[in-house]
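Peer 1: If you scroll down you'll find the structure; I have some questions about it.
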Amino acid sequence: MKNAFINQCCNENSPKWKDAIHRETPIYSRNNDIRSEFERDYTRILHCEAYRRLKHKTQVFFAPHNDHICTRMEHVSHVASVASTIAKYLGLNDQLTSAIALGHDIGHAPFGHHGENCLNKLLEQKEGANAPKKFWHERNSLFFADYIETLQDPNGIQQPLNLTYGVRDGLICHCGEIDQQGVKPREEAIDLYSIKRPGLTQPFTWEGCIVKIADKIAYLGRDIEDARAYHILDMSSYRQLREIVGSTLGFEKKGAHALRSGKAVNTTVLINDLIIDLCEQSTPEKGLSFSDEYFRFILELKKFNFANIYNHWRLGEFAIYAENIINTLFRTLQKTQVYAKNGRIPQVLKIYPKLCSTFEDWLIRYSNYHPFSVEKHSFVDKKAILRYNIPQVFDVTDNDSFTKCIIEYISGMTDQFAIQVYEEIITF
């Protein structure tokens with residue numbers, strides 16, 4: 001029902017408002033700013049480098065050369081569109097919803113979920129009480145927003161994004177992989193870094209819950225569309241799709257026309273029908289819910305995607321290549337710690353110019369690394385570094401911290417850049 005959640009909207013009348021707009025550090029202000037707190041978060045994410053790099057990060061198909069295949073940035077745009085539509089109809093805060101949706105994947109690794117799994121495996125191999133244990137992109141999105149991404153203030157000083165709690169919470173709690181009905185927000189504002197696993201902690205706001213649902217709505221149909229473009233699906237797969245529609249929705253019911261000519265899923269129709277069903281079925285008492293038939297349809301469609309797309313042998317072959325890239329980068333950079341302690345990264349990486357310049361710049365910005373000879377240093381803009389007002393994140397003298405430093409550096413790469421620096425390493 002339209003405006004069914006208007007009394008749950010995160011605004012000045014909400015008991016959660018004060019917590020939702022809280023910032024860890026006071027944000028700089030402009031005398032002529034007309035934006036709300038959440039609108040400011042939206043534009044801060046829009047202008048940050050991690051968001052810009054999403055256009056060259058995998059959604060499902062690795063490093064696509066086809067301009068019409070969905071990248072991570074396009075996926076984020078789909079999620080923002082779906083989430084905004086739902087929020088506006090239900091009477092919730094569209095500005096908060098849009099800001100969460102725009103930033104929800106800024107911590108995603110190169111090569112999509114496979115890249116995420118590779119980085120997680122590398123962390124799991126490390127031993128010790130202080131060793132970083134897990135890599136998951138939802139937490140990494142929060143980490144990048146809090147510690148890595150910066151923007152210039154009016155005085156030209158690079159400052160952390162300092163996003164509101166409501167947006168930061170939405171980033172770490174957005175996992176759309178968990179299949180749930182009746183999604184509702186939690187009541188308390190908690191330490192977000194106390195969340196240890198993705199998907200098990202509900203967002204603090206209804207707006208965050210909408211992004212969680214919108215994430216799933218956005219990717220299901222589009223992944224099928226892209227798989228068709230790459231000839232991943234055969235006629236048997238199309239027949240299976242028709243059977244899923246017939247058995248869960250019925251061919252004569254609305255939504256069944258999401259299949260045309262017995263083949264392709266019409267992404268826009270599918271998204272529209274899922275949005276309408278969610279809006280019709282959801283109430284504050286019941287939570288964000290689909291009808292039983294549409295929920296079964298989502299589960300079957302997701303199962304279909306895993307069986308016929310995500311586990312397809314062609315993606316598996318490229319996954320082997322992607323894993324080799326990430327592992328090679330990690331092993332190469334792990335060997336540099338002794339040089340990092342002495343400020344001599346160029347001494348070991350100078351034969352890899354792109355890797356050397358970007359990794360040393362990363363160390364200077366975020367760690368206690370100091371170049372051995374600043375005046376002769378050829379890779380780093382010293383004046384630019386002085387304009388960064390950010391805390392030290394990593395300690396190059398600590399093994400676990402240095403490992404975390406490498407993992408985060410790799411996680412920020414685009415597919416193409418990871419391939420370029422990999423080729424620097426293996427090319428003689």
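Peer 1: If you take just the helices (runs of 4 or more DSSP H) that sit entirely in region 142-256, which of them hold at least 1 residues that are within 18 Å of the chain's Cα centre (by Cα) and buried (at least 22 other Cβ atoms within 10 Å of the Cβ)?
Peer 2: Those helices (runs of 4 or more DSSP H) span 165-172, 206-229.
Peer 1: Does T268 qualify as being at pLDDT 95 or above and either within 30 Å of A229 (Cβ to Cβ) or not charged (D, E, K, R) (or both)?
Peer 2: Details: at pLDDT 95 or above: no; either within 30 Å of A229 (Cβ to Cβ) or not charged (D, E, K, R) (or both): yes.
Answer is no for this residue.
Peer 1: Name the residue that is most open to solvent (accessible area, probe 1.4 Å), counting only residues in region 373-411 that are in contact with a helix residue (DSSP H, G or I) (Cβ under 6 Å, 6 or more places away or on another chain), among the hydrophobic types (A, V, I, L, M, F, W, C) and at pLDDT 75 or above.
Peer 2: Restricting to residues being in contact with a helix residue (DSSP H, G or I) (Cβ under 6 Å, 6 or more places away or on another chain), among the hydrophobic types (A, V, I, L, M, F, W, C) and at pLDDT 75 or above, the top hit is V393.
Peer 1: Moving to a separate point now. I need the helices (runs of 4 or more DSSP H) fully contained in region 1-71, keeping only those with at least 2 residues that are under 22 Å from the mean Cα position of the chain (by Cα) and touching a residue at least 40 places away in the same chain (Cβ under 8 Å).
Peer 2: Details: elements: 17-20, 37-47, 49-52.
Ranges flagged: 37-47, 49-52.
Peer 1: Output yes when any residue across region 315-325 is of a type in the set (S, T, N, Q), at pLDDT 95 or above and either over 23 Å from C118 (Cα atoms) or outside any loop (DSSP other than H, G, I, E, B) (or both), and no when none is. Reasoning before the result, please.
Peer 2: Filtering region 315-325 for residues of a type in the set (S, T, N, Q) gives 324.
With at pLDDT 95 or above added as a condition, the list becomes 324.
Now narrow it down to the ones that are either over 23 Å from C118 (Cα atoms) or outside any loop (DSSP other than H, G, I, E, B) (or both): 324.
Yes, some residue in region 315-325 is of a type in the set (S, T, N, Q), at pLDDT 95 or above and either over 23 Å from C118 (Cα atoms) or outside any loop (DSSP other than H, G, I, E, B) (or both).
Peer 1: Further question on the same structure: Among the listed residues E285, E317, which satisfies the condition of being within 30 Å of C9 (Cα to Cα), over 21 Å from the mean Cα position of the chain (by Cα) and loosely packed, with under 15 Cβ neighbours inside 10 Å? If you could, list the steps in order and put the result at the bottom.
Peer 2: Details: E317 fails: within 30 Å of C9 (Cα to Cα).
Matching residue, one of E285, E317: E285.
Peer 1: Determine which member of the set I364, I351 is of a type in the set (A, V, I, L, M, F, W, C) and part of a helix (DSSP H, G or I).
Peer 2: Working: I351 fails: part of a helix (DSSP H, G or I).
None of the other options fit; the residue is I364.
Peer 1: Filtering region 72-124 down to residues that are assigned to a helix (DSSP H, G or I) and among the acidic types (D, E), which residue is modelled with the lowest pLDDT? Working first, answer last.
Peer 2: Keep residues of region 72-124 that are assigned to a helix (DSSP H, G or I), which gives 72-90, 94-103, 112-124.
After this cut, where a residue has to be among the acidic types (D, E) as well, the list is 74, 94, 116, 124.
On the way: E74: 94, D94: 97, E116: 95, E124: 87.
It comes out as E124.
Peer 1: So, one more: Any idea which residue in region 412-421 is farthest from the chain's Cα centre (by Cα), counting only those that are farther than 15 Å from Q334 by Cβ and part of a helix (DSSP H, G or I)?
Peer 2: If we filter region 412-421 for residues that are farther than 15 Å from Q334 by Cβ, which is where we start, we get 412-420.
Next, only the ones that are part of a helix (DSSP H, G or I) stay: 415-420.
Working: D415: 14, Q416: 18, F417: 18, A418: 17, I419: 20, Q420: 22 Å.
Only one residue fits best here, namely Q420.
Peer 1: Is it fair to say R296 is assigned to a helix (DSSP H, G or I), open to solvent by 30 Å² or more (accessible area, probe 1.4 Å) and in contact (Cβ under 8 Å) with a residue 40 or more places away in the chain? Give the steps one after another, and end with the answer.
Peer 2: Values: assigned to a helix (DSSP H, G or I): yes; open to solvent by 30 Å² or more (accessible area, probe 1.4 Å): yes; in contact (Cβ under 8 Å) with a residue 40 or more places away in the chain: yes.
Spelling it out, R296 is indeed assigned to a helix (DSSP H, G or I), open to solvent by 30 Å² or more (accessible area, probe 1.4 Å) and in contact (Cβ under 8 Å) with a residue 40 or more places away in the chain.
The values are calculated or read from the model by the stated rules, or taken from the named source; none is laboratory data. If you're wondering where the values come from, they're calculated on a predicted model, not measured in any experiment. Ideal geometry is used to build each Cβ from the backbone, glycine not excepted, and the neighbour counts take in all protein chains shown. SASA here: full protein model, heavy atoms, side chains in, ligands and nucleic acids out. Shrake-Rupley method; radii C 1.70, N 1.55, O 1.52, S 1.80 Å.
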